[in-house]
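Have a look at the structure below before the remarks.
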2 protein chains.
Amino acid sequence: MADKISFEAPRGMRDFYPEDMVWRNRVFDAFRAAGEAAGFEQYDACVVESYELLARKAGEEVGEQIYHFLDKSDRHLALRAEMTPTLARLVAQRQKELSFPLKWTAIAQCFRYERMTKGRKREHYQWNVDIIGEESVLAEVEVLGAAVDALRRMGLTTADFKVHVSSRKFLGELLAKSGIDAAKHAQVFLALDKRGKMPDAEIAAMLKDGGLSDADVEATFRIMETKSHEASPELSELFRLAGVAGFADALVFDIGVIRGLSYYTGIVFECFDTAGEFRAIFGGGRYDNLLTTIGAEPATAVGLGFGDVVVTELLKSRLGGDAAARKDGIAVGFMFPEQRDAAVRLAARLRSEGNRVDLSLHAQKPKKFFSHAGASSAAKAVFLGPDDVAAGVARIKDMAERTETGICL
Amino acid sequence: MADKISFEAPRGMRDFYPEDMVWRNRVFDAFRAAGEAAGFEQYDACVVESYELLARKAGEEVGEQIYHFLDKSDRHLALRAEMTPTLARLVAQRQKELSFPLKWTAIAQCFRYERMTKGRKREHYQWNVDIIGEESVLAEVEVLGAAVDALRRMGLTTADFKVHVSSRKFLGELLAKSGIDAAKHAQVFLALDKRGKMPDAEIAAMLKDGGLSDADVEATFRIMETKSHEASPELSELFRLAGVAGFADALVFDIGVIRGLSYYTGIVFECFDTAGEFRAIFGGGRYDNLLTTIGAEPATAVGLGFGDVVVTELLKSRLGGDAAARKDGIAVGFMFPEQRDAAVRLAARLRSEGNRVDLSLHAQKPKKFFSHAGASSAAKAVFLGPDDVAAGVARIKDMAERTETGICL
């Protein structure tokens, strides 16, 4: 035997044992089904990108967190930290041929080297839903509708989550109306984005550093008490259309949603669990400058990023840790080697009829077979002994009901 | 606008535009469905592994081809080139708790830095199907049955492909019977694995370098003419059981299948297209020493690796380039902004009824809408004008049949 090496995954990387995969499938299946239903087309690209592409969009801070390396020809490569630079690259490559608006979706593994804290891993999967090239707020409605649909398909209701929606444009207008110069808005957004994470006194200090007077700071905090979106025609239209589409109950107006990233330009949103236990479930908004940052033609867009980690924690907490466990297969076993052929034949037949069949690979005592089948994902079990094969008929047992019916061999 | 950067993927990495994703989905869906039907449990792990784990199994040659790098804490990390070291790690981590035999499956992205030739990329997806801890040949039958099932689900028949099966143990017995010492077998396997790729004269030279006499070389080439597996009880049982399970027509005995990797210990197999146009579709076999190479307890296993590249080429060639294109959605459009609400409401209803609905995001002329819908993946299209909304009923058009029926709004 060779020297033993570590059997752990590298720090921050995740293993998915079968019991983890049932949860991941529940989440991914909902992503795919919701994207499908709303007519989004799937795309993907390799997780390895050129470092230059990722750094261009990411800016300094995220640039620091990118896993990067040189290949044998000294190409500077990197593992993507988010999907948007790749999306921009794919669209730019065919900008003249593609028919806009595009409705594209992907489930993308993303890497980020960051300090390990609770629930923070160094890789995760992020569902991306984007509409590129559509100015009307119906783009926001379609993207949000798909996200709400995904959460419902996972088994959650609007009692479990709410999408907090605002508009940076609306906030900018309110600031301008209070006499705060547009040149200072970026700085104000940055400071306001920290609300809830640091005391208001510190935020006030940040605002003053950004050139705001005491009166401006006071006005800014007053603006942050705005409870109605009615003064924004764009937000009003979004809430109204969400009502027409049947998911207005999932949305709340929240002037406090800013989104840190400077590249959002209009409506922004973040989804939270109503109990306030977890970090954001998904977030996104309108962005206009993604394509131009890599030198392509401009195009307005709306998109969201929906990670797999937080929603899986939320699902486990709301539905129970075993909720994703499946009980839908058929276990087939046999007592002696002489019944193996009959078991193989029965398994083949049941599979061809569309069943998921776990065939025991060697002869077993019935007690052992049924105990294993009971603990497995099988809903039913058939065990073949000499008498069954001789009679050409066996019993198929419903593991939950503990009832039996006959099955021809 | 910023400086333009390259919009191409890094060399050897693949982009998947929507028309590529329909093919990938066809292949992946077949992998998943076949694994499901045969009762394999899904697992996964991050594509980033420790370099040490990968190098341990890979040996020198593959070790050279691994993408590897240091993280910020000087951990030596790497992108996996194959899934088996990860599989070994996961099993080793829980070897005392897991209930064997394990039947596990994964679709794993794998990276290998190699010279670029036709059809060779630097990343691909590989479907892995493994049974760990079962000695009987029923393990081989289950693994092969799942692979054949996947090919059928993709739309191929056994006229398109054949699985070539042999046994290194059987070949070893034949060599031993001819007086060729077991100590020389590894060298003989290595040489014979090159058959078809280099002239027999060179293979003969390799065999002589390995210590074989002229008579031994002649005997070896004679053994390679063996046309029947009947002298091998194990192979006979495999072919018989494949018949019971209903896929014997997919298998052929081929003494020439060796598999380069030294870690195979028993039955080995490779699947090829019958026309001989492509590289191997999948390959695998019995291996006994994977777990011990990383310092875990020994366990016998059978596994296969089935890449996505070759089978997709084969599918496109056999089924036609458009075969995966779908025509199953409903396009919904509207003539003026006044009909937008009705279109949003109709799209929401059709989606809730299980349809895939591509809703136009802005008002359009009917001609433009129907021309776009015809070129899209929609099978049906509904276009709302003022009269339709006033009447509360519209027409839904079957795009292929060019027939219309009424639909209530």
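Any read-out appearing in this document is the output of simple, stated calculations on the displayed coordinates, not a laboratory observation. Because the structure is a prediction, the values reported are computed rather than measured. Quick reminder, even Gly has a Cβ in these numbers, built from the backbone with ideal geometry, and neighbours come from all protein chains shown.
Miscellaneous remarks
- Distance between region A:28-46 and region B:33-109 - C-alpha centres, whole angstrom: 27 Å
- Cβ neighbours within 10 Å from other chains - mean over B:360-367: 3
- Cα gyration tensor shape of region B:182-253, rounded if a/c is under 1.5, else prolate or oblate by comparing a/b with b/c: prolate
- Across the identical copies, the 7 Å label point of B:Glu237, projected outward along Cα→Cβ, sits 7.3 nm from its counterparts, in ascending order.
- Förster radius 22 Å - calculated FRET efficiency between A:Asp3 and B:Gln65, Cβ distance, rounded to 0.05: 0.40
- Amide hydrogen proximity for B:Ala299: with H placed 1.01 Å from N in the peptide plane, the residues at 5 or more positions away or on another chain lying under 5 Å are B:Leu291, B:Thr292.
- In sequence order, calculated HN-Hα J values of region B:297-309 (Karplus, 6.51, -1.76, 1.60; Hz; x Gly/Pro): 5, x, 7, 6, 7, 10, x, 9, x, 10, x, 8, 6
- Couplings for region B:385-395, taken from phi via the Karplus curve 6.51 cos²θ - 1.76 cosθ + 1.60 with θ = phi - 60°, read x, x, 5, 4, 5, 4, 7, x, 8, 10, 9 Hz in order; Gly and Pro are left as x.
- Spatial separation of Cα centroids for region A:263-326 and region B:353-409, in angstrom: 31 Å
- Overall form of region B:251-409 per C-alpha gyration tensor (a/c, 1.5; a/b vs b/c): prolate
- Shielding by partners - mean other protein chain Cβ count within 10 Å, residues of B:342-349: 5
- For B:Met399, distant residues with modelled amide H under 5 Å away: B:Lys380, B:Ala381
- Label-to-label distances for A:Ala323 across copies, nearest first, come out at 4.1 nm, using points 7 Å from Cα in the beta-carbon direction.
- Hits among aspartates and glutamates - C-alpha to C-alpha of B:Lys121 under 17 Å, sequence gap 8 or more where chains match: A:Asp44, A:Glu49, A:Asp71, B:Glu8, B:Asp15, B:Asp20, B:Glu64, B:Glu82, B:Asp308, B:Glu313
- Region B:5-25 and region A:130-146 have their alpha-carbon centroids 24 Å apart.
- Other-chain or far-sequence residues with amide H under 5 Å of B:Ala45's (modelled H): A:Phe16
- Partners for B:Lys4 among lysines (Cα-Cα distance below 23 Å; same-chain residues under 8 apart left out): A:Lys57, A:Lys96
- Ascending list, in nanometres, of distances separating the A:Asp387 label from those of the other copies (7 Å, Cα toward Cβ): 7.5
- Helix-only CD estimate at 222 nm, as mean residue ellipticity for chain A, using -39500 (n - 2.57) per DSSP H run (n ≥ 4): -11500 deg cm²/dmol
- On the beta carbon distance between B:Lys368 and B:Lys327, with R0 = 30 Å, the FRET formula returns roughly 0.90.
- Listed values for region A:77-85 are Karplus-derived 3J(HN,Hα) couplings in whole Hz (6.51 cos²θ - 1.76 cosθ + 1.60, θ = phi - 60°), namely 10, 7, 8, 4, 9, 7, 8, 4, x, and x replaces Gly and Pro.
- Viscosity 1.306 mPa s, 10 °C: Kirkwood-radius Stokes-Einstein D of the protein assembly as shown over Cα pairs, µm²/s: 54 µm²/s
- Relative contact order for chain A, counting Cα pairs under 8 Å that sit 6 or more residues apart, in percent: 15 percent
- Put a dot 7 Å past the Cα of B:Ala275, heading toward its Cβ, do the same for A:Glu404, and the two dots end up 5.3 nm apart.
- Sequence-distant aspartates and glutamates (8 or more away, or on other chains) whose Cα lies within less than 20 Å of A:Lys397: A:Asp328, A:Glu353, A:Asp358, A:Asp387, A:Asp388
- Residue-level result for chain B: its Cβ closest to the axis carrying B onto A, with that distance in Å, is B:Phe69, 2.
- In this structure, A:Asp288 and A:Lys197 have a Cβ-Cβ separation that, at R0 = 22 Å, corresponds to a calculated FRET efficiency of about 0.25.
- Taken residue by residue and averaged, Cβ atoms of other chains lying within 10 Å of the Cβ of B:330-340 number 1.
- Using the average count of surrounding beta-carbon atoms within 10 Å as a protection proxy, the listed peptides B:179-188, B:306-315 rank, highest first, as B:306-315, B:179-188.
- Whether region B:98-157 is rounded, prolate or oblate, judged on the alpha carbon gyration tensor where a/c under 1.5 counts as rounded: oblate
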